[in-house]
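Since the structure comes first, as C-alpha cells, the remarks are kept for the end.
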Amino acid sequence: MPLDESLLNCVDETVLSRRGLLADSFRGLAGVAIASLLGQDGGTNRLWAATTPQPSGAGTPHFAPRAKRVLQIFCPGGASHIDLWEHKPSLEKLDGQPLPGETGVSTFQGKNGNLMRSPWPFQPAGASGKMVSSLLPHMARHVDDIAFVHSMYSKSNTHGPACVFMNTGSIFEGFPAAGAWVGYALGSANENLPAYVAIPDIRGEPPNGQANWSNGFLPAQHQAVVIADHQPVRNVAAPSGVSADEERATREYLNFLNEKHETQHPGSSELRARINAYKLAARMQLSAPEILNLNAETAATHRLYATADPNPLKAAYGRNCLLARRLLEQGVRYVNLYCASRASGVDGLLNWDAHKTLKADYERHLPIFDEPTAALLTDLKQRGLLNDTLVLWTTEFGRMPTQQEGVPGRDHNPDGFTCWMMGAGVKGGVSVGATDEFGRRAAVDPTTVWDFYATVLHLLGLSHTQLTYYHNGLNRRLTDVHGNLLRQVLA
C-alpha cells in the first residue's frame, strides 16, 4: 500500500536519514540503559568495585570482616581529653602560668586565662600502665583492651556542626551517619529488627538532634530507629478484639496494596522506606517486646549495670546500656548510645560542656558514665560478643588546657581530642598519636574523623573508597575524598 505523500512531508527529512536514525537509536539505547540502572533498588544506585559482588539481602563485605556489628558510645558536649584520657604532666607543672605562645588567646566563648591542671589526679591502670583519670575507676579496668587515639581534630568548634561531623563526616546536615552507611552496605542481621538504632539519653537528644543519625541522601529506610528504655517503641501490641487470623489477613491485604502502589511509583525511596518501615513494625510486634523487656535480665545483671542506682540519671543510662547489649546480641548492626544531651541554659548541666564549673560538672557526669559503660563492656566480653563487636567512644571535640578568663572551666578545643576503639580486630592497650605537651593541638600523627571511619569500615570488611553512593553528580563516601587507615590500632 503506497504511503500518503502528505505524511512524509510532515516528517523532518533528517530524522529519516541513515545518520539521524543511528543517532536517535544510540540516544534511545542510552536512555534504556539509564532507566534500567535507576530501576534497580527503587532508583538508588549502589556503586561497588567491579571485582566485588553487589550486596543483596544481608549485604556482602568487600573482604573478610573482623567485626560484624558496631556499638558507638557518644558523649556530646566536648568531653575533655586532658581530664579523662590523656595525661599531661606539663599542666600540673605549669598550672596557673600562661600557655606558651598563646597568651590571652580568644576561642569559642572569648579570652582564655592561664593553664589549668586537671582537678583530679591521673592513675596508672592495667598491665599497660595507661594513665587515666581517677574519676574513671570502672573504665580503668578495660584500658588493656582499648586503643586510644589521642590526636583527633575537628573542622568545627561549635557543638551542632561538630557533633554532626563526628557522626557523618560532614559539618553540614543532610549527610548519612556512619550507622546509615553500614546498614546500607551490610543490612540487618535480624529481619525482625532494624539495622541501625539510636539510643538517646534520658536528658534529651544531642546537639542538632536527629541529624546525628540521619540517612541523609541514602534511601530513607537507612535512618536510625530511635529506641530507649525511657522511649520504647509505641503501638507494638495488637489491638484488643482483633484475632491473630484477622491481623494476619489484614497485613497480607495491606502488603498487597502497598506493593501495587509501589509499582506505580518506582523512583520514590521515601515510599519504599515507609512500606518497609510498616513491614518492620509488624515484625517488631513479635520481637520488640521481648528485647525491650529488661525485667528478663537477672538481678546480678541489673546490679552490674546499676539500673536501680539512687541517681536517676545514672540508673536511666545504665538501663540504656543494658538495652544496647540486648540489641547487639539480637543482630542490630549499629547502635548509637548517647550519654548526655544538648546544651542547656546552664553550661555543663546536661552534657559535657564545662565552660564555667569543670570540677562540679564532671563530678556530676563521670559517675553517670563510668560504672554503666564499664558494665556494658564487661558484659559484652563475658558473653563473647567482643570477638565480633567493634566498640567506639566518641565526642565532638576536646577542651582547652587553659581556663576560661575569670572562671574555672575550659572552652572548646577542636584542634586536639581523644576517641577510642576496642573489640573485634582492635589491638588493645595502645595509644596512637598525641596532642602537644599541654593538650592544645594534635601534634603526633594528627587524625581526622575520616581516618577514624576508614578504619571502622575496614574492620567491618568494607573499603571506604569503594563504599559509595551516587548523589548530585558525585560518588559520595562516608570519608569524603579523604581517609587513611589507622594501622596502629589493628590487631
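The values are calculated or read from the model by the stated rules, or taken from the named source; none is laboratory data. As the structure is a prediction and not an experimental result, all values here were calculated from the model. Note: ideal-geometry Cβ built from the backbone for every residue, glycine included; neighbour counts use all protein chains shown.
Side notes on the structure shown:
- When Pro98, Pro161, Pro76 are checked against the criterion of being surrounded by fewer than 17 Cβ atoms within 10 Å (Cβ to Cβ) and assigned by TED's automatic domain parsing to the domain that holds Leu376, Pro98 stands alone in meeting it.
- Within region 181-219, being under 16 Å from Thr394 (Cβ atoms) and either aliphatic (A, V, I, L, M) or not assigned by TED's automatic domain parsing to the domain that holds Thr373 (or both) holds for Val182, Ala198, Ile199, Ala211.
- Summed over region 201-212, the residues that are crowded, with 24+ Cβ neighbours inside 10 Å and in a strand (DSSP E or B) give a count of 1.
- The combined condition, being under 23 Å from Cys75 (Cα atoms), assigned to a loop (DSSP other than H, G, I, E, B) and among the acidic types (Asp, Glu), is not fulfilled by Glu102.
Yes/no matrix, rows are residues, columns are (1) hydrophobic (A, V, I, L, M, F, W, C); (2) in contact with a helix residue (DSSP H, G or I) (Cβ under 8 Å, 6 or more places away or on another chain):
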{"site": "Phe369", "(1), (2)": "yes, yes"}
{"site": "Thr373", "(1), (2)": "no, yes"}
{"site": "Leu377", "(1), (2)": "yes, yes"}
{"site": "Asp388", "(1), (2)": "no, no"}
{"site": "Phe397", "(1), (2)": "yes, yes"}
{"site": "Pro401", "(1), (2)": "no, yes"}
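- Top-ranked residue in region 79-90 [being touching a strand residue (DSSP E or B) at 6+ places or on another chain (Cβ under 6 Å) and not acidic (Asp, Glu); ranked as surrounded by the fewest Cβ atoms within 10 Å (Cβ to Cβ)]: His87
Condition check ((1) in the same structural domain as Met400 (by TED's automatic domain parsing); (2) touching a Gly at 6+ places or on another chain (Cβ under 8 Å); (3) at pLDDT 95 or above) across all residues:
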| site | (1), (2), (3) |
| --- | --- |
| Ala343 | yes, yes, no |
| Leu349 | yes, no, no |
| His355 | yes, yes, no |
| Ala374 | yes, no, yes |
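- Flag: Ser170 matches the condition of being touching a residue at least 24 places away in the same chain (Cβ under 8 Å), out of contact with any Ser or Thr (no Cβ under 6 Å at 6 or more places or on another chain) and buried (at least 18 other Cβ atoms within 10 Å of the Cβ).
- Residue ranges of helices (runs of 4 or more DSSP H) in region 229-313 with at least 3 members more than 26 Å from Ala189 (Cα to Cα) and modelled with pLDDT of 65 or more: 244-264, 299-305
- Considering (1) touching a residue at least 40 places away in the same chain (Cβ under 8 Å); (2) at negative phi; (3) assigned to a loop (DSSP other than H, G, I, E, B), the lone condition that Val481 does not fulfil carries the number (1).
- In the set Ala185, Ala198, only one residue is modelled with pLDDT of 95 or more, among the hydrophobic types (A, V, I, L, M, F, W, C) and either part of a helix (DSSP H, G or I) or touching a Cys at 6+ places or on another chain (Cβ under 6 Å) (or both); that residue is Ala185.
- Residue check, Arg342 basic (Lys, Arg), in contact with a strand residue (DSSP E or B) (Cβ under 7 Å, 6 or more places away or on another chain) and buried (at least 24 other Cβ atoms within 10 Å of the Cβ): no
- Single match in Ser128, Ser170, Ser154 (criterion: in the same structural domain as Leu292 (by TED's automatic domain parsing), closer than 22 Å to Tyr470 by Cα and not aliphatic (A, V, I, L, M)): Ser170
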